[in-house]
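**Q** Sharing a structure below in structure tokens format, with a few things to ask.
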């Protein structure tokens, strides 16, 4: 499915304890993003306040990519962040 | 030949390790061995009587050799913490068909001390390893926590409903000297607990322990000659289902599909209605699962589970006693908790539970496994 990279937050969880194996340090927000084209995927939410009030269900988000170990890994930020 | 659910297969032995909690002197297999020995003693059977064997966490042949048994029927179904419920279902089929006569199903896990425990690995060879683990979904609290805010929102519930689950189950745990967390608590105290994975605070997450539990099953005919002959526990319904391992691919965050299907199969196979269930166990790795469970099993309407628990219906004296050992949240949780839920149901049906519910004749046991990805259900009865 070709994607615009835009979607909304279907659900999210805030990781609040540091675990050595975690790739994102606590606190961090992990979401299920529902793309505008339909599919859902799990991804980190960046550029948000990682608190219960800092993220809302159905919040509009857009994909960005970070380079990690030679691979391009998607994460999402609020549409208003750019 | 008898069939799977016609009451011709019984659980004739059920026991736990002598102690549960922090047991650094035991390997996982040693815990399994002690639980098996206690369950066989409870049944009045010996190791050499066992001709069928099921386990998970380690290989069934590895465990059989350690225990010194020589089974002619083996099941190593590995669908996470509900595996033991699936094993009971499979063993019932094996006994009904004559493939085995005395089946030992055993759990032993060093979940706290990690002695002799196989490593937990997620590799990029799996969809979860490729598409979810790299985004930080590395802990059960995060994977099972991820759909919960959507579930609560769609159902008109809140984090407070999660806390009510903890409060209700702690009332059962307070009656159980073996429970790890026994002090009664309040919604306020639970909500103000240490944050783990919002919306979960620490008491909304299961305890982490070492321990073991086991059951022994045989035919109703053989059961009449055994120690528990006057306390029959029959397998009268069951189900098992699987779903995607990826939490992002749950068909909806508001329901656990495998649980819904497995429970529906169990009810259909038993011919019982919800009103005929006296006692309920729902595998509670986190406080969200009993809410999902009550709704997905059909004991409440969608959105009514939180109120049902807050109104006291699942507490001591309530009309649907739930997780009467205190559950994974307060009693014990070694990692694959399912066997402890089965053993508590057996005790209730025998009238031997620590926090005994009056007049229990049927029990529904719901397991989950590999987070939301697998489910198995059992309906047990003491009716002769």
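Rule-based calculations on the coordinates, nothing more; no lab input. Computed from a predicted structure; not experimentally measured. Glycine gets a Cβ as well: all are built from the backbone with ideal geometry, and neighbour counts include every protein chain shown.
**Q** In percent, what relative contact order does segment B:273-384 have, based on Cα pairs under 8 Å that are 6 or more apart in sequence?
**A** Over segment B:273-384, the number comes to 30 percent.
**Q** Still on this structure: Say we join alpha carbon atoms closer than 10 Å with springs in a Gaussian network model of chain B; which of B:130, B:348, B:169 then has the biggest fluctuation?
**A** B:130
**Q** Ordered by packing density, taken as the mean number of other Cβ atoms within 10 Å over each peptide's residues, highest first, how do A:63-73, B:18-28 rank?
**A** My ranking of the peptides, most packed first, is B:18-28, A:63-73.
**Q** Also, I was wondering about something else. How large is log10 I(q)/I(0) at q = 0.13 Å⁻¹ when the Debye formula is applied to the Cα atoms of chain B, each weighted equally and without solvent?
**A** Debye intensities relative to I(0), on a log10 scale: -1.00.
**Q** A further question follows. Just tell me how shielded B:194-201 is by partners: mean number of partner chain Cβ atoms within 10 Å of each residue's Cβ, no decimals.
**A** 5
**Q** On average over all directions, what projected area in square nanometres does segment B:78-217 have, based on the convex hull of its Cα atoms?
**A** 12.1
**Q** Turning to a different aspect of this structure: Would you mind giving the mean number of other chain beta-carbons within 10 Å of the Cβ of each residue in B:246-257, as a whole number?
**A** Counting Cβ atoms of other protein chains within 10 Å of each residue's Cβ and averaging gives 3.
**Q** State the Cα centre-to-centre distance between segment B:257-301 and segment B:42-77 in whole Å.
**A** Segment B:257-301 and segment B:42-77 have Cα centres separated by 29 Å.
**Q** Let me ask another. Using a Förster distance of 30 angstrom, determine the FRET efficiency expected from the C-beta separation of residue B:130 and residue B:62, and round it to 0.05.
**A** The formula returns an efficiency of 0.55 here.
**Q** Among B:148, B:167, B:122, which one moves the most in a GNM of chain B with springs linking Cα atoms closer than 10 Å?
**A** Among B:148, B:167, B:122, the largest mean-square fluctuation in the Gaussian network model of chain B belongs to B:122.
**Q** Spin-label point model (7 Å from Cα, Cβ direction): what's the residue A:37 to residue B:268 distance in nm?
**A** Taking the simple label geometry, residue A:37 and residue B:268 are separated by 3.6 nm.
**Q** Would you work out if segment B:1-101 is rounded, prolate or oblate? Take a ≥ b ≥ c from the square roots of the eigenvalues of the alpha-carbon gyration tensor; rounded if a/c is under 1.5, else prolate when a/b is larger than b/c, oblate otherwise.
**A** It is prolate, given that a/c is not under 1.5 and a/b is the larger ratio.
**Q** Starting from the coordinates of the alpha-carbon atoms of segment B:193-276, obtain the Kirkwood hydrodynamic radius over all distinct pairs and give the value in Å to one decimal.
**A** 17.3
**Q** Ok, one more. Using a Gaussian network model of chain B with C-alpha springs under 10 Å, which one of B:352, B:366, B:159 is most mobile by mean-square fluctuation?
**A** In the Gaussian network model the winner is B:352.
**Q** Quick check on segment B:249-290: take the gyration tensor over C-alpha atoms, sort the square-rooted eigenvalues as a ≥ b ≥ c, and tell me if it's rounded (a/c under 1.5), prolate or oblate.
**A** The shape class here is oblate.
**Q** Taking every pair of alpha-carbon atoms in the protein assembly as shown, give the share separated by more than 31 Å as a whole percent.
**A** Summing the P(r) of the protein assembly as shown above 31 Å gives 40 percent of all pairs.
**Q** So what are segment B:270-311's ellipsoid semi-axes, whole angstrom, largest first, if each one is the square root of 5 times an eigenvalue of the alpha-carbon gyration tensor?
**A** 18, 12, 9
**Q** Moving to a separate point now. Once the principal axes of the Cα atoms of segment B:235-334 are found, what is the range along each, listed largest first in whole angstroms?
**A** Projected onto the principal axes, the Cα atoms of segment B:235-334 cover 38, 30, 30 Å.
**Q** Binning every alpha carbon pair distance of segment B:291-377 at 10 Å from zero, what are the percents per bin?
**A** 16, 48, 34, 2
**Q** Continuing with the same structure: Could you grab the relative contact order for segment A:2-68? Cα pairs under 8 Å, six or more apart, rounded to a whole percent.
**A** 38
**Q** Hey, another quick one. Calculate for chain B the 222 nm mean residue ellipticity that helices alone would give, adding -39,500 (n - 2.57) per DSSP H run of length 4 or more and normalising by residue count, nearest 500 deg cm²/dmol.
**A** Computed ellipticity for chain B at 222 nm equals -9500 deg cm²/dmol.
**Q** Normalising by the residue count of segment B:324-384, find the relative contact order in percent from Cα pairs under 8 Å and 6+ residues apart.
**A** 26
**Q** If you don't mind, there's one more thing I want to ask. By its C-alpha gyration tensor, with a ≥ b ≥ c as the square roots of the eigenvalues, how is segment B:203-252 shaped: rounded for a/c under 1.5, else prolate for a/b larger than b/c, else oblate?
**A** Because a/c hits 1.5 or more and a/b fails to exceed b/c, segment B:203-252 counts as oblate.
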